[in-house]
Amino acid sequence: MSLRTIYRDIDTLRGQGAVIEGEAGFGYALKPGFTLPPLMFGDDELDALILGLRLVMKRGDPDLEEAATKALAKIEAVLPEERWDEVASNGLRAGPAEASEAPHLGAVRRAMREETKLRLHYTDKKDAVSIRVVWPIVVGFFAGSEVLAAWCELRGDFRHFRLDRIADAGVLGERYPRRRRVLLAEWRAQEGIDV
């Protein structure tokens, strides 16, 4: 980026009403009060955002529910005034869902975000109990359950764990040796998932 580009951008912002003090060679300061123009979502984009957030609100994770509620309020707040009613009157609704039996979703999400290992106390479909150290990659939300895909140190391969069968999930605080995005790409290739 050249200085000329910066000066041109500053002139453009000033033309849009931004109060910018200063001059070339000395520096600039953007004064409070200038806001970006309202977000301009297309009708289908707004439908997708509203429906997705409403689905998240029904999954039973209090932290995600609160985050989705706040995100929806923020989207409504930045829409142009003439579109405010579209959020409340949107015709796409998420139906009632059974309470999630995934009390450890918060710990799983934190471990994924921090790329740290998890110790799971897991009961499989045959009621066999095991303790696994896993590297969480992704959580899939399905109609009846949530499923964690993770690299399992015990098996040395990718495995899937239903969250409702996890009796305990402890974040170990130890980073796993490979980046989650690399593991995600490998898992998607192994599973034949394009997106």
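See the values below:
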quantity	calculated
Filtered residues of region 1-46 (kept if surrounded by 11 or more Cβ atoms within 10 Å (Cβ to Cβ), over 29 Å from GLU86 (Cβ atoms) and at pLDDT below 80)	LEU30
Yes/no for LEU172 being touching a Ser or Thr at 6+ places or on another chain (Cβ under 8 Å), more than 22 Å from LYS58 (Cα to Cα), part of a loop (DSSP other than H, G, I, E, B) and outside the structural domain of PRO62 (by TED's automatic domain parsing)	no
Among the candidates VAL129, VAL108, residue that is β-branched (Val, Ile, Thr) and within 15 Å of LEU64 (Cβ to Cβ)	VAL108
Residue match in region 95-113 (condition: surrounded by 16 or more Cβ atoms within 10 Å (Cβ to Cβ), of a type in the set (Ser, Thr, Tyr), closer than 27 Å to LEU172 by Cα and at pLDDT 90 or above)	no
All helices (runs of 4 or more DSSP H) inside region 44-127 with 1 or more residues being on the phi > 0 side of the Ramachandran plot, assigned by TED's automatic domain parsing to the domain that holds ARG179 and in contact (Cβ under 8 Å) with a residue 12 or more places away in the chain	none
From the options ARG132, ARG180, ARG188, ARG162, residue that is surrounded by 14 or more Cβ atoms within 10 Å (Cβ to Cβ), in contact (Cβ under 8 Å) with a residue 60 or more places away in the chain, under 26 Å from ARG59 (Cβ atoms) and among the charged types (D, E, K, R)	ARG180
Number of positions in region 137-158 that are assigned to a strand (DSSP E or B) and either in contact with a helix residue (DSSP H, G or I) (Cβ under 9 Å, 6 or more places away or on another chain) or under 14 Å from ARG119 (Cα atoms) (or both)	13
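The values are calculated or read from the model by the stated rules, or taken from the named source; none is laboratory data. The shown structure was predicted, so the numbers you read here are calculated from the model rather than taken from an experiment. All Cβ positions, even for glycine, are placed from backbone atoms using ideal geometry, and neighbour counts span all protein chains on display.
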